[in-house]
Amino acid sequence: MSDIQHRTNAKQPPFPEQRQTPPGLASEMQPLPDHGEKTYKGHGRLAGKKALITGGDSGIGRAVAIAYAREGADVAINYLPEEEKDAHEVIALIKAEGQIAVALPGDVRDEQFCQNLVEDAVNKLGGLDILINNAGRQQYCESIEDLSTEDFDATFKTNVYAPFWITKAALRHLKAPAAIINTSSVQAAKPSALLLDYAQTKACLAVFTKALAKQLGPKGIRVNAVAPGPYWTVLQSSGGQPQEKVKQFGKDTPLGRPGQPVEIAPLYVTLASDECSYASGQVWCSDGGDGVL
Ligand code: NAD
Ligand code: MG
């Protein structure tokens, strides 16, 4: 059995109950998610590239950061200050590959911070070739009547405004053949009742991707989105789903389990790679077999 089969087979539902306060820490999940720390093998596909990844401390962003470093890229990660413990581990893993690692904590709901984030990343990396808009807020709410304006606003600021602000700032630096990848979701096409605000933001990101690809194609910049299905990350256990759903997370997919973050990283590598030079304006789904998008 390969490393990957062995790893994923070991992480089947049911999972233990494990409530965390958002944003939560990947390092406190049971079982620990697999971000590829021990097994992702690079092939130099992003050699010499410089990437900024929001939400790069944990989950999908962390798996992408590890994969990018092993593919030869220098990587800057953004995350919230309370996630320093997770971020510290990622920075060490990037450095272990001999790549430049830049830690840029801060809240992307603030436009000025988003502008500073891009400038800091460019200065410390010495340029920018790849932007991954991946930070996300997901807090479930049973009824629209209980969904506050503050919560609605926080979800839109994190998931929709921040990618807009960060992308705008990054365009001053991105030159052909650059790539932008936005993390959307299967929620964009198949929304859950419990995720009324979140699902809307992920549909926004899919459309943002398609329209922006049309603007930036003539400049040689490709824009794609990745739409994950259920992935085993702390987003889910820190209020993204009710605990009853966390315990059975991913069970109703054809593969019968959630994806591990390492399993989606190759899509982000491929889409960022110059090898994929004709793919733009598309939403690429990885959801364990439901075929939602
Ligand atoms: P995660 O919690 O590990 O990552 C989300 C990250 O977003 C956090 O680590 C945090 O650093 C960042 N973030 C949140 N609010 C922020 C803010 N205000 N400022 C700065 N950073 C902030 O969970 P994940 O599942 O890896 O999430 C990554 C992306 O994947 C998100 O956009 C999420 O919506 C999307 N997604 C996840 C799943 C899934 O099942 N896990 C499914 C579809 C889409
Ligand atoms: Mg995190």
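Rule-based calculations on the coordinates, nothing more; no lab input. What you see is a predicted model; the values in this text were computed from it and never measured. Note that each Cβ is placed from the backbone with ideal geometry, even for glycine, and that neighbours are counted across all protein chains shown.
Does the chain classify as rounded, prolate or oblate by the C-alpha gyration tensor (a ≥ b ≥ c root eigenvalues; a/c under 1.5 gives rounded; else a/b over b/c gives prolate, otherwise oblate)? Verdict is rounded for the chain. Out of every Cα pair in the range 2-92, what percent are spaced more than 21 Å from each other? Above the 21 Å cut-off, the range 2-92 has 36 percent of its Cα pairs. Peptides 234-246, 125-137, 277-289 ranked from most to least packed give 125-137, 234-246, 277-289, packing being the mean of other C-beta atoms within 10 angstrom over each peptide's residues. Based on the Cβ-Cβ distance from I100 to Q215, what FRET efficiency comes out when R0 is 35 Å, to the nearest 0.05? Efficiency for this residue pair is about 0.75. What aspartates and glutamates does K168 reach when the alpha-carbon gap must be under 12 Å and sequence neighbours fewer than 8 apart in one chain are set aside? K168 reaches E111, E119. Multiplying the residue separation of E17 and D151 by 0.36 nm and subtracting their alpha-carbon distance yields 45.8 nm. Full extension of the chain between A176 and D110 gives 21.0 nm of extra length, using 0.36 nm per residue less the Cα-Cα distance. The value of relative contact order for the chain, using C-alpha pairs under 8 Å at least six residues apart, is 23 percent.
A Förster radius of 45 Å, combined with the Cβ-Cβ distance separating D290 from E119, puts the computed FRET efficiency at roughly 0.65. Please work out the C-alpha center-to-center distance from the range 108-145 to the range 243-293 and express it in whole Å. Answer, in whole Å: 21. Dividing the mean sequence gap of close Cα pairs (under 8 Å, 6+ apart) by how many residues the range 92-215 holds gives a relative contact order of 29 percent. Could you list the residues of the range 55-85 with an amide nitrogen less than 19 Å from a label point located 7 Å from the Cα of A47 in the Cα-to-C-beta direction? Correct set: 67-75. Pairs from the list K157/K190; K41/K202; K41/K95; K49/K175; K49/K95 with a Cα-Cα gap above 19 Å: K157/K190; K41/K202.
From helices alone, the chain scores -10000 deg cm²/dmol at 222 nm; the rule is -39500 (n - 2.57) for each run of n ≥ 4 DSSP H residues, then divide by the residue total.
Near Y79, the amide H atoms lying under 5 Å from its own belong to G55, L104, G106; only residues 5 or more places off or on other chains count, and H is placed 1.01 Å from N. Both radii are taken from the alpha-carbon atoms of the range 119-239; with Rh as the Kirkwood radius, Rg/Rh is 1.01.
Net length available on complete extension from D252 to Q30 is 77.9 nm, with 0.36 nm assigned per residue and the Cα-Cα distance removed. For the range 162-292, the calculated P(r), taken from all Cα-Cα distances in 10 Å bins from zero up to the bin holding the longest distance, is 12, 40, 32, 14, 2 percent. Name the shape class, rounded, prolate or oblate, that the alpha-carbon gyration tensor gives for the range 31-71, where a ≥ b ≥ c are the square roots of its eigenvalues, rounded holds for a/c under 1.5, and otherwise prolate holds if a/b is larger than b/c and oblate otherwise. Since a/c reaches 1.5 but b/c is at least a/b, the shape of the range 31-71 is classed as oblate.
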